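Scroll down for the structure; my scribbles are underneath it.
The values are calculated or read from the model by the stated rules, or taken from the named source; none is laboratory data. Only a predicted model underlies this, so the values are computations on that prediction, with no experimental measurement involved. Methodologically, a virtual Cβ is constructed for each residue, glycine included, from the backbone with ideal geometry; neighbour enumeration extends over all protein chains shown.
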Amino acid sequence: MTIRRACAEYLLQFVESNPDIVAYYQRTLVPDESFAHTVLFNSRLFNISKEELRYYDFSRSRHGRSKIINDSDIPSLIQSGFYIARKFDIETHPGILNRVDVAIEKSQLRVLA
């Protein structure tokens, strides 16, 4: 989920004002997958979009987890146009974030040329 500052501020205010709901979510399985979504949607203050703005790859998913991005994924990542990606493992693929940065810079230079 990608949120605006107003959403983040609302969530912080909600957490402060609703300790009972926070306590409930502390006992649920994977609360980070539903807490913010539920609070923001039920507030009816924000326009919620179903459009996904993150790059991730479940094509070779193991146990429902997204694939760890490696060098072979960089072209797809760049072409996606998304601003956020998951999931990187810098221990398994040291320097991957630097190589992604270089690829982004090169792709932007091609657009400007």
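Brief remarks on what is shown
- In the range 28-42, residue surrounded by the fewest Cβ atoms within 10 Å (Cβ to Cβ) [restricted to those that are more than 16 Å from the chain's Cα centre (by Cα) and not in a helix (DSSP H, G or I)]: L29
- In the range 78-85, the condition of being at pLDDT 90 or above and aromatic (F, W, Y) is met by no residue.
Here is a yes/no grid of residues against (1) within 20 Å of E33 (Cβ to Cβ); (2) acidic (D, E):
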residue	(1), (2)
S61	yes, no
K67	yes, no
N70	no, no
S76	no, no
D89	no, yes
H93	no, no
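- Residue count for the range 49-78, restricted to those that are in a loop (DSSP other than H, G, I, E, B), surrounded by 10 or more Cβ atoms within 10 Å (Cβ to Cβ) and within 13 Å of the chain's Cα centre (by Cα): 5
- Of all residues in the range 28-57 being of a type in the set (D, E, K, R) and free of Cβ contacts under 8 Å to residues at least 40 places away in the same chain, the one that is farthest from K87 (Cα to Cα): R44
- Breaking point among (1) more than 20 Å from T2 (Cβ to Cβ); (2) exposed (fewer than 12 other Cβ atoms within 10 Å of the Cβ); (3) not hydroxyl-bearing (S, T, Y), for I84: (1)
- Boolean, L12 is touching a strand residue (DSSP E or B) at 6+ places or on another chain (Cβ under 7 Å) and either touching a residue at least 40 places away in the same chain (Cβ under 8 Å) or not polar (S, T, N, Q) (or both): no
- Among the residues of the range 79-106, those identified as more than 16 Å from the chain's Cα centre (by Cα) and part of a helix (DSSP H, G or I) are Q79, I96, N98, R99, V100, D101, V102, A103, I104, E105, K106.
- Candidate set from the range 1-27 (those that are closer than 20 Å to R86 by Cβ and assigned to a loop (DSSP other than H, G, I, E, B)); member that is farthest from the chain's Cα centre (by Cα): R4
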